[in-house]
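Note sheet for the following structure.
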Amino acid sequence: MPLNPLVPNTSSEAVRDLRYSYALGSQREGVFLFGGNEAGLNTSVLLSGWHNGDVDCNGFDDDVVLGVNQELDASMPLPQNIRYTWITSDNGMSGGDLVVDLARQRLLSRDGRAYPVGISDTLLTNRVHWEEPGDVASIIRGLDEPGTLGLAYDISLDRNYRGAITYQSNMVQDDYDCYRLKLPPALISNGSLKVQIRDSRGNGRQLLLAVLNDTGGILVDTLRRHSTNTTLTVDSKQLRESKGSVYVLVAGIATAGSWTAPYEFTAWYESSQNAPPKVKGCGILRSMCATADVL
């Protein structure tokens, strides 16, 4: 261990496995990342080598191991039911963030696209490496709620949720946030689903609130204006036709500071001997989303 605890041990296993390439030894590419022969590692600390070469931690240091990048394409692919965001940084002085080169701040497919292909986005900032954990705006944008039904976040009844309106890929301002709500069949026989949205921090903005059926068709929709709580009602007939699974959609226009003012919404079920009248959709969603991919 180094005498100064603030100075990293440059011969440690952690540093070894983070290395993209090695200066010495017959194995020049990082074995943990790209695979290779452990026996080719430089394990002489006097020659700036590693404390050991046992990359796969099995007690032997002469194996041929399969690297993480290879495993992602083979036996350990990343899940395909969530979206991914790579937060990268170029501070303009080093071709990266002063620690990691820009080209090495995300995993790429064999043809150079962000991995996993088709469900990944990349954000570019100008922060230095040690400032990135505090870059809240980029982190919130990277965690933005999905805009497609297939990747919608699951929600439950009688719970308060918050969401953020953020810029999308290529700084597109239109943000669509989708949430999936599954209702037990026993609940939808005679009653209605209520969804209320609140936006007390939005500084006069308008938000679109809609409830969609299991195929993305509009059940009810409305514009929510600042300083008003808006509640939508979905009756039992609509719920049965949706097979008990509906989607809550919130849409808004992102600005530089909109992520600091989250909206809130809650869904609950009201049982009644006389089901409430059906609330017809106002058609706003159809006009706003005519060219959107989310529907």
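Kindly indicate whether ARG16 is open to solvent by 90 Å² or more (accessible area, probe 1.4 Å) and basic (Lys, Arg). When the stated conditions are applied, ARG16 does not pass them. Within segment 140-163, the set of residues being in contact with a strand residue (DSSP E or B) (Cβ under 7 Å, 6 or more places away or on another chain) and of a type in the set (A, V, I, L, M) comprises LEU149, ALA152, ILE155, LEU157.
Checked against (1) outside any helix (DSSP H, G or I); (2) within 15 Å of LEU181 (Cα to Cα); (3) at pLDDT below 90; (4) open to solvent by less than 80 Å² (accessible area, probe 1.4 Å), VAL279 passes all but a single condition, namely (2).
Residues that are touching a strand residue (DSSP E or B) at 6+ places or on another chain (Cβ under 8 Å) and over 26 Å from LEU108 (Cα atoms) within segment 25-62 comprise just one, ASP62. Scanning segment 154-176 for residues that are outside any loop (DSSP other than H, G, I, E, B), in contact with an Asp or Glu (Cβ under 7 Å, 6 or more places away or on another chain) and of a type in the set (S, T, N, Q) gives ASN160, SER169. Just wondering, is there one or more residues in segment 245-257 that are of a type outside the set (Lys, Arg), over 23 Å from the mean Cα position of the chain (by Cα), within 22 Å of VAL136 (Cβ to Cβ) and in a loop (DSSP other than H, G, I, E, B)? Within segment 245-257, none of the residues are of a type outside the set (Lys, Arg), over 23 Å from the mean Cα position of the chain (by Cα), within 22 Å of VAL136 (Cβ to Cβ) and in a loop (DSSP other than H, G, I, E, B).
Taking every residue in segment 125-146 that is at negative phi and in contact (Cβ under 8 Å) with a residue 24 or more places away in the chain and pairing it with any residue that is part of a loop (DSSP other than H, G, I, E, B) and hydroxyl-bearing (Ser, Thr, Tyr), at least 6 positions away or on another chain, the pairs with Cβ-Cβ distances below 8 Å are ILE140/THR166; ARG141/THR166; ARG141/TYR167; ASP144/THR166. Beta carbons closer than 9 Å, at least 6 apart along the sequence or on distinct chains, pair a first residue in segment 156-170 that is more than 30 Å from LEU187 (Cα to Cα) and open to solvent by 40 Å² or more (accessible area, probe 1.4 Å) with a second that is among the charged types (D, E, K, R) and part of a strand (DSSP E or B) for TYR167/ASP175; GLN168/ASP121; GLN168/ASP174; GLN168/ASP175; SER169/ASP121. Restricted to segment 187-201, and to residues there that are buried (at least 17 other Cβ atoms within 10 Å of the Cβ) and more than 15 Å from VAL220 (Cβ to Cβ), the residue that is modelled with the lowest pLDDT is ILE188. Identify, please: which residue in segment 226-259 is open to solvent by 30 Å² or more (accessible area, probe 1.4 Å) and touching a residue at least 40 places away in the same chain (Cβ under 8 Å) and is, among those, nearest to ILE188 (Cα to Cα)? Only one residue tops the list, namely ARG240.
The values are calculated or read from the model by the stated rules, or taken from the named source; none is laboratory data. The structure presented is a predicted model; accordingly, all values stated were derived computationally and were not measured. As a convention, Cβ positions derive from the backbone with ideal geometry for all residues, glycine included, and neighbour counts pool all protein chains shown. Each accessible area value is taken on the protein alone, full model and side chains, heavy atoms only, with ligands, DNA and RNA left out. Shrake-Rupley method; radii C 1.70, N 1.55, O 1.52, S 1.80 Å.
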